[in-house]
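The values are calculated or read from the model by the stated rules, or taken from the named source; none is laboratory data. Not measured: the values here are computed from a predicted model. Glycine gets a Cβ as well: all are built from the backbone with ideal geometry, and neighbour counts include every protein chain shown.
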Protein chains: 2
Amino acid sequence: MRKQLTLTALPGIPDIHEGDEIGVVIAQALATEGYPLQNGDVVVVAQKVISKAEGRKVAIASVKPSPEAMAWARRTGKDPRLVELILRESNRVLRARRGLIITEHRLGFVCANAGIDHSNVCPGNEDNGWVLLLPEDPDRSARRIRGILQSHFGVEIAVLVIDSHGRAWRLGAVGTAIGVAGMRPLTDLRGQRDLYGRTLRTTRVGTADGIAAAAALLMGEGAEGTPVVIVRGASYQPGDGRLQDILRPRELDLFR
Amino acid sequence: MRKQLTLTALPGIPDIHEGDEIGVVIAQALATEGYPLQNGDVVVVAQKVISKAEGRKVAIASVKPSPEAMAWARRTGKDPRLVELILRESNRVLRARRGLIITEHRLGFVCANAGIDHSNVCPGNEDNGWVLLLPEDPDRSARRIRGILQSHFGVEIAVLVIDSHGRAWRLGAVGTAIGVAGMRPLTDLRGQRDLYGRTLRTTRVGTADGIAAAAALLMGEGAEGTPVVIVRGASYQPGDGRLQDILRPRELDLFR
């Protein structure tokens with residue numbers, strides 16, 4: 001039998017509002033579609049719908065920038081109130097230039113502008129009135145969605161919360177896992193052998209990030225985007241993984 | 001209709017030797033499988049089989065290390081002959097520590113150990129006798145494979161040559177495009193609007209790298225690996241793309 005991996009964009013996810021229970025919304029959309037989950041499926045969810053459900057929307061006019069934010073705003077030409085939010089959401093600034101601040105996010109990963117989003121936040125946002133912060137704790141959000149879907153469908157699955165991240169040396173944003181439940185995000189090949197019995201060059205595979213990148217291909221960014229993708233046929237190690245497992249410890253990071 | 005993306009690992013690719021024509025090998029495997037290519041398919045090929053076909057195998061005993069290689073070898077604890085090959089394959093060393101040299105490869109991307117591979121090179125390699133360099137020009141290899149497959153099946157497709165790369169701030173290797181034919185590797189969303197009419201936060205999507213990451217999930221690393229994956233249903237912009245399009249220009253790179 002051919003080894004296959006199938007990704008399906010789940011239609012029918014409505015516009016999400018604060019207080020919505022994303023796991024229930026996904027279960028309803030799957031029921032409407034007649035597409036029940038199966039053991040081993042990975043449900044990939046865009047951070048944006050989770051942030052909306054968690055009420056992570058901030059009115060930019062309500063933000064009072066600190067002197068530090070004012071200084072970075074002068075240096076980058078960004079709105080000082082947005083910079084204030086970026087700093088609040090970050091452990092520290094790593095690099096900055098005109099229009100761009102790259103930080104270590106409070107969740108531990110490195111990304112631009114602390115992942116704060118202007119697009120698709122809410123109607124009437126033409127004047128930059130609202131922005132959306134990343135979910136408070138995407139691992140927790142993933143675990144919550146997983147619990148709801150597992151009891152609804154009676155299956156064992158994994159859930160990933162993903163965002164679109166830039167990379168250090170390459171252009172183009174790719175889907176990246178920022179929340180994990182029910183899987184080990186790295187597949188450990190240490191000790192495995194190659195075709196000819198030698199130990200492998202690559203010892204840890206970024207399975208969760210690979211699945212995230214694949215799912216993001218189907219999500220799109222614009223008005224046609226679908227925030228939930230079901231991945232069937234992915235080979236992963238089930239278990240108690242979390243975002244922290246994927247993050248290179250700062251002392252081993254040669255590029256921070 | 002549901003939007004779907006299907007990835008199929010192509011069985012029946014034999015062990016590859018110098019002089020093999022990879023496009024023909026893939027066409028034969030597809031014929032044996034009864035799985036003809038369709039318009040819009042992306043054929044993803046692991047760099048290793050292309051390197052083997054191109055005779056990029058080097059006997060480590062044949063390499064005479066330069067004084068510079070000896071110095072880096074002392075610093076990293078690596079075999080000076082391997083270091084010599086890494087330097088020959090690279091524009092410059094970016095970082096080094098025990099067991100690891102990160103360079104800007106002569107092809108322009110940043111990766112560890114110049115992508116030189118010890119595993120799955122050939123039988124009887126238990127003593128590190130042979131290593132495999134990356135393909136001479138992966139874009140050219142991709143174009144060649146594309147030409148053969150397009151005339152064989154009478155379709156318009158894209159071809160990606162991929163490798164497994166580490167990332168700056170995250171653990172785990174992910175599939176990454178190092179050769180491109182028949183597609184624009186970045187999908188340009190500049191000017192597109194979100195759900196509510198605002199311009200998008202993400203303006204360029206790393207489509208080729210996303211497809212590479214997805215395909216690598218099916219390839220595996222060990223003895224069970226399959227070096228060719230057919231991706232069906234991916235949304236991409238056909239055209240004359242190449243690796244260079246994906247590489248962040250050095251002067252815009254804050255982390256080199």
Among the residues of segment A:1-26, which ones are among the small types (Gly, Ala, Ser) and within 20 Å of the chain's Cα centre (by Cα)? A:Ala9, A:Gly19, A:Gly23
Counting only residues that are among the polar types (S, T, N, Q) and in contact (Cβ under 8 Å) with a residue 40 or more places away in the chain, how many does segment B:20-73 have? 4
Restricting to segment A:14-34, what's the tally of residues that are within 12 Å of chain B (Cβ to nearest Cβ) and surrounded by 15 or more Cβ atoms within 10 Å (Cβ to Cβ)? 3
Filter segment A:1-19 for residues that are free of Cβ contacts under 8 Å to residues at least 24 places away in the same chain and of a type outside the set (Asp, Glu) and give the result. A:Met1, A:Arg2, A:Gly12, A:Pro14
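Could you list, in sequence order, all residues of segment B:200-221 that are part of a loop (DSSP other than H, G, I, E, B), modelled with pLDDT of 75 or more and facing another protein chain (nearest Cβ under 7 Å)?
Correct list: B:Gly206 only.
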B:Arg56 vs. criteria crowded, with 19+ Cβ neighbours inside 10 Å, over 20 Å from A:Arg2 (Cα atoms) and of a type outside the set (Phe, Trp, Tyr): yes
Working carefully through the options B:Ala177, B:Ala168, find the one that is in a loop (DSSP other than H, G, I, E, B), within 14 Å of another protein chain (Cβ to nearest Cβ) and in contact (Cβ under 8 Å) with a residue 12 or more places away in the chain. B:Ala168
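Residue-wise test of (1) at pLDDT below 95; (2) more than 30 Å from B:Asp253 (Cα to Cα).
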residue	(1), (2)
B:Ala9	no, yes
B:Ile60	yes, yes
B:Asp79	yes, yes
B:Leu87	no, no
Would you list the helices (runs of 4 or more DSSP H) that sit entirely within segment B:1-106 and hold 2 or more residues that are β-branched (Val, Ile, Thr) and under 18 Å from B:Val231 (Cβ atoms)? B:22-33, B:47-53
Can you pull out the residues in segment A:233-250 that are part of a strand (DSSP E or B) and more than 9 Å from chain B (Cβ to nearest Cβ)? A:Gln237, A:Pro238
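Looking at A:Gly197, A:Gly166, A:Gly182, A:Gly175, which is the one that is over 19 Å from A:Gly239 (Cα atoms) and modelled with pLDDT of 95 or more?
Only one candidate qualifies: A:Gly175.
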Residue match in segment B:67-85 (condition: on the phi < 0 side of the Ramachandran plot, surrounded by fewer than 21 Cβ atoms within 10 Å (Cβ to Cβ) and either within 11 Å of chain A (Cβ to nearest Cβ) or touching a His at 6+ places or on another chain (Cβ under 9 Å) (or both)): no
Go through segment A:234-256 and count every residue that is among the small types (Gly, Ala, Ser) and crowded, with 19+ Cβ neighbours inside 10 Å. 2
